[in-house]
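Shown next, in structure tokens, is the structure this report addresses.
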Amino acid sequence: MRSRTANRSGVVIRRRVLPAGDIIVTLLTPQGKLKAIARGGVRGPLSSRLNLFHHVGVQVYQTPQSDLATVKQAVLEGALPRLAEPERYAFAHLMAEFADALFQEGEFSEQAFDLFAGALRGVAFQPDPEWVALVMSYKLLGLAGIVPQTARCARCGEDHPAHPDPLGGQLLCGTCAALPPYPPEALDFLRQAVRRSVRVSMDRPVPPDQRPALWRALERFVTVQVGGVQSWRQLVPAEGVAASA
């Protein structure tokens, strides 16, 4: 049986170097998530091209006996150097891990690729990369069909809940809750983030002192619904991490 060769264009969302010098990369492409191996990659030109967040065009082939496609060629199509800045890198890394957790290999989603690529550009260029990461994280959740319940209490079903759910990351009514209600700005964001356009959400930023609670809600919800994002605690703001411990 002949090897199968394909050309793909996508963004590197995961990169792992093996002891033998091979590089395993995961790309998010308009045709879905692609996982491939660049053999001997760290010793050749592929190493600098297959860096995290790079937009690359790759030629891959896969034989029936191999679990992973092999990268034959890689061409750099775009890069966002500002993502290397410490205040931006953590949020870009979070978005990459988030996309890796939400979308499966072989799933076709051009919309997911466009949304994720837009998120990286926003983190790279917007003056408030944290707010970009929060808005786009909830939009990616909505695109994946994993939407937090905000109209009714997650425990009893009561209408108009306004309190944090520390276990599930959703909303609780006053009867079921042990924590104070969210401030109005944070509550409005949680209720509308998935439904609103990115532009509208970006124009209504939640004050920075209310964002740790939003990060905690997102972390809890993703952990319950999708699974743990392993390096979450190193990627979200320190205030949110400390409070969620």
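What follows draws every value from the coordinates through simple rules; no lab data is involved. Nothing here was measured: the structure is a model prediction, and the numbers come from that model. Backbone-built Cβ (ideal geometry, glycine too); neighbour counts: all protein chains shown.
Taken over the C-alpha atoms, the chain has Rg and Dmax values of 19.6, 64 angstrom. In terms of its C-alpha gyration tensor, region 93-143 comes out prolate, because a/c is 1.5 or above and the ratio a/b outweighs b/c.
Counting 0.36 nm for each residue step from Gln62 to Glu185 and taking away their Cα separation leaves a gain of 39.3 nm. Among Met202, Met95, the order by Cβ neighbours within 10 angstrom, fewest to most, reads Met202, Met95. Under the classification rounded if a/c is under 1.5, otherwise prolate if a/b is larger than b/c and oblate if not, where does region 39-110 fall, given a ≥ b ≥ c as square roots of the Cα gyration tensor eigenvalues? Oblate, because a/c is 1.5 or more while a/b does not exceed b/c.
Within the listed set Leu141, Leu171, Leu18, the Gaussian network model of the chain (springs between alpha-carbon atoms below 10 Å) gives the highest mean-square fluctuation for Leu18. Taken one residue at a time, the phi angles of region 116-121 give Karplus couplings (6.51, -1.76, 1.60, θ = phi - 60°) of 5, 4, x, 5, 5, 5 Hz. Gly and Pro are set to x. Quick one: which residues, 5+ away or cross-chain, put their amide H under 5 Å from the amide H of Lys33? H built at 1.01 Å from N. Long-range HN contacts for Lys33: Gly106, Glu107. Is region 41-167 best put as rounded, prolate or oblate by its Cα gyration tensor, with a ≥ b ≥ c the root eigenvalues, rounded for a/c under 1.5, and otherwise prolate when a/b is larger than b/c, oblate when not? In terms of gyration-tensor shape, oblate.
Residues of region 154-183 with an amide N closer than 15 Å to a point placed 7 Å from the Cα of Gln225 along the Cα-to-Cβ direction: 154-155, 165-172. Can you find, among Leu46, Ala92, Trp215, the residue sitting farthest towards the positive end of the charge dipole of the chain, where Lys and Arg contribute +1 and Asp and Glu -1 at Cβ? Checked the options; the winner is Leu46.
Taking amide hydrogens as placed 1.01 Å from N in the peptide plane, the amide H of Gly78 sits under 5 Å from those of His55, each at least 5 positions away in sequence or on another chain.
Computing Rg and the Kirkwood Rh from the Cα coordinates of region 64-103 gives a ratio, Rg/Rh, of 1.13. Computed from phi, the 3J(HN,Hα) profile of region 88-99 under the Karplus parametrisation 6.51, -1.76, 1.60 (θ = phi - 60°) reads 10, 4, 4, 6, 5, 5, 4, 4, 5, 5, 5, 4 Hz, with x in place of Gly and Pro.
With helices as the sole contributors, the chain gives -11000 deg cm²/dmol at 222 nm; each DSSP H run of n ≥ 4 counts as -39500 (n - 2.57), and the sum is divided by every residue. Relative to the dominant Cα principal axis of the chain, helix 129-143 is inclined by about 90°. Here the chain is assigned +1 on the Cβ of each Lys and Arg and -1 on the Cβ of each Asp and Glu. Its dipole about the Cα centre then comes out at about 860 debye.
Structure remark: mean-square fluctuation, Gaussian network model of the chain, C-alpha springs under 10 Å; the largest value among Pro183, Pro205, Pro64 belongs to Pro64.
Database remark: amide H of Arg155 closer than 5 angstrom to the amide H of Cys173 (H placed geometrically; neighbours at sequence offset of 5 or more, or on other chains; Pro and chain starts carry no H).
3J(HN,Hα) along region 211-225: 6, x, 5, 5, 5, 5, 4, 5, 4, 5, 5, 5, 4, 6, 8 Hz, from the Karplus curve 6.51 cos²θ - 1.76 cosθ + 1.60 with θ = phi - 60°, whole Hz, x for Gly and Pro.
Placing +1 on each Lys and Arg Cβ and -1 on each Asp and Glu Cβ, with no other charges, gives region 43-133 a dipole about its Cα centre of roughly 480 debye.
Measuring nothing but how far apart in sequence close Cα pairs (under 8 Å, 6+ apart) lie, relative to its length, region 104-165 scores a relative contact order of 20 percent.
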